[in-house]
Structures are given as C-alpha cells and as structure tokens.
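Structure first, then comments.
The values are calculated or read from the model by the stated rules, or taken from the named source; none is laboratory data. Remember, predicted model here, so these are calculated numbers, not experimental data. Cβ coordinates were reconstructed from backbone atoms using ideal geometry, including for glycine residues, and neighbour counts include every protein chain displayed.
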Amino acid sequence: MTATGAAAALTSAPAKVILFGEHAVVYGEPAVAAAVDLRLRVRVARGPAGGPSTINDAPLASAYHHYLSEALKAAGEDKPVAFQVEASVPGGSGLGSSAALVSASLLGLLALAGKADRASPVPRETLARLAYDVEAAAQQGRASPTDTTTVTEGGAILVGRERGPGFLWEITRGERRWSLHKVEPPAMPVVIGFTHERGRTATEVAKVARFVARTGFAKDVIREIGDVAREGAKAAARGDRAQLGKLFDRNHNLLTILGVSTPRLNRLCEVARRHAHGAKLTGSGGGGSMIAVSDEPEACAAAIRKAGGAAWVATLGAQGVRFE
Ligand code: PMV
C-alpha cells in the first residue's frame, strides 16, 4: 500500500436482486438477496486541482449526486475527484445500482487515499459498513443494509434479526439491528425484467412507512412477507424452483397490497409467469424491476421484451466489490 495513494483506480461491484423480503426488512423481518453477474464499473481518479469533482465529465452537484457526494465525505476526500461510471444495469431499476456505485466508488476512493490496493484490500466488512452509512445518509436514514452488504460481499445474503449459520456482521442504526449472513446462492438462473420506469427507493420506503404508521393491517402484511422470506430461504437452499416460484407470487401479492407495485410491474410478472414457476417485483418497486424463476429462461426473457421490458438472464451469486 502506498502512503501517497494511487493516481487512479478501476473497481467494480455487482448488481443485486432481492429474492424475498424487500420493505419488510426495513422493519426487522428477514430478507434474502443475491449478487448477479451484471456489473457496474467505476474509474476513480484525481481531478484537476481547484476544479469540481466530476461524474462522466459533468460537475458533481450534491443535490443530484447524493450518493457520490456522501461517498466523498465518508472517505474523507476533500480534493477534486473524477468518476467515470459505466453500468450494465440502469439507475433506479431496483437492481442495486446505487449500492454498487457507492461500494465500488468507496473502494476506489480508499485506493486514491493510499488506504487500499490489490495487495492489501480493505476488509469487506469495513467497506460494507461505510457503504451502508453512505446509502443511509443519501436516503434520509431509512435504508436497510441489505443492498450494500450484498454488492460488497457478493454471493447471497440472508438478513435477519438473530445471528445464525454463516453470520458475517451486525449493523445497527438507532434501535434497529440487522444480522447479515452469507448463504449458498441458489444454483439457478433468474430472469430479470426492467419496466423502464424508474422507482425511487426513498419515496417507496416513505410510502410504506406512512401505511405502517397508520394501520395494523399493514403491519400484518409486513409480518407475512417475513414468513414468506423464511420459507423462501429454505426453498432457495434446496434449489426448489417450483416452491420458489409459488413464494415469489405470494411475495408479489403482498408487495402489491403495500402499494409498491405498478401496472407495468404487474404486467411483466404476468407475461413472465407463462414461462416461469413464479414472478415478483424486486427492490423497492414504484417502477424498477421484477424477477422470475423459470426452467426456460430465454423464452421468459423474450416474453418480457415483447411486453416492452428490458430483460436479462442472470446467474446468482456473483463476486462482490473488487479491483478490476
Ligand atoms: O430499490 P432497491 O433495489 O435498492 O431496494 C430497496 C430495498 C428496500 O427494502 C425497499 C429498502 C431497504 O433499504 O432495504
């Protein structure tokens, strides 16, 4: 590791899908997420002295680039930095591009500061904690550490209240506490469909928070999503596609009741189900993406494209953040 730091660093982090438990995880219910082999690459370099920090050659405006502005603060960087970002998944797609951006950028910033390099990488736990703080700050404190831990650690992650097998670390925020675990990623492809509508995580999380504050019914829905996630974790470990599909459908219905699905998400799930065991929205909803578990993933992806979505067939369990 050099005391002066690198002049530039090239890093990448994977996108992720939440298989079960989005939104409910914010209230302490379990969730299962997996890194997918669609990566976001970042080149972090020193910018010209006295100039502004930039992203893809445009000045970084903190109002529009919350995540990078918070990442610069968290890394203690006060000199101009030039970020070049290239992503295989669109922003606002519910596929964790903001978490991937934060994690990959932080690793690059630590390399510039001389605190990490290929030979002495930063512990993933340190990065996951920093990335969570950055994402929580950019999302007004409401985020769970699911996305940031998944894209930093890679593989598949189970988030729960209690510690269990595969325990990695615990992250707390105020009175909330999450135990993060590494689990075996289900050995199956997942079909991802993007609606082309951009969801805003903070908006959807706030909407659910208002519903939960007002009604006991919403709290029951949150608990039921937790039950589905517990069953889903077992089905994922067994690689039971039929059962996973049924649970995807149930989880999707519960998220629809919470108000975070959209007509386009419902439509893509419907067309995907003709070639799949089941389908659900993934991530915060309000637009964004859905996933399906299918024995004929290419036909399922084609059906999604025909209905107007973008589609990928992805492998679960990709490697976490790394130097390229
Ligand atoms: O929008 P995404 O893919 O980043 O997913 C957010 C997941 C939520 O459970 C809705 C919020 C969270 O921070 O866990």
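Summary of computed values
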{"read-out": "Unique residue being within 16 Å of the ligand (Cβ to nearest atom), more than 17 Å from Gly94 (Cβ to Cβ) and modelled with pLDDT under 95 when the list is Arg142, Arg198, Arg173", "value": "Arg173"}
{"read-out": "Yes/no for Val32 being within 13 Å of the ligand (Cβ to nearest atom), modelled with pLDDT under 95 and more than 26 Å from Asp117 (Cα to Cα)", "value": "no"}
{"read-out": "Among the candidates Gly166, Gly96, residue that is within 16 Å of the ligand (Cβ to nearest atom) and closer than 21 Å to Pro186 by Cβ", "value": "Gly96"}
{"read-out": "Unmet requirement for Lys16, which otherwise passes all of (1) surrounded by 24 or more Cβ atoms within 10 Å (Cβ to Cβ); (2) out of contact with any helix residue (DSSP H, G or I) (no Cβ under 6 Å at 6 or more places or on another chain); (3) of a type in the set (Lys, Arg)", "value": "(2)"}
{"read-out": "Yes/no for Gly91 being surrounded by fewer than 15 Cβ atoms within 10 Å (Cβ to Cβ) and within 12 Å of the ligand (Cβ to nearest atom)", "value": "yes"}
{"read-out": "Flag if Val134 is hydrophobic (A, V, I, L, M, F, W, C) and more than 15 Å from the ligand (Cβ to nearest atom)", "value": "no"}
{"read-out": "Contacts under 6 angstrom Cβ, first residue in the stretch 186-205 being on the phi < 0 side of the Ramachandran plot and of a type in the set (Asp, Glu), partner near the ligand (Cβ under 9 Å from one of its atoms) and assigned to a loop (DSSP other than H, G, I, E, B), 6 or more apart", "value": "Glu204/Val260; Glu204/Ser284; Glu204/Gly285; Glu204/Gly286"}
{"read-out": "Pick from the stretch 249-286, criterion of a type in the set (S, T, N, Q) and surrounded by fewer than 24 Cβ atoms within 10 Å (Cβ to Cβ), ranking: farthest from Phe217 (Cα to Cα)", "value": "Asn266"}
{"read-out": "Among residues of the stretch 41-68, those that are in contact (Cβ under 8 Å) with a residue 60 or more places away in the chain and not basic (Lys, Arg), counted", "value": "5"}
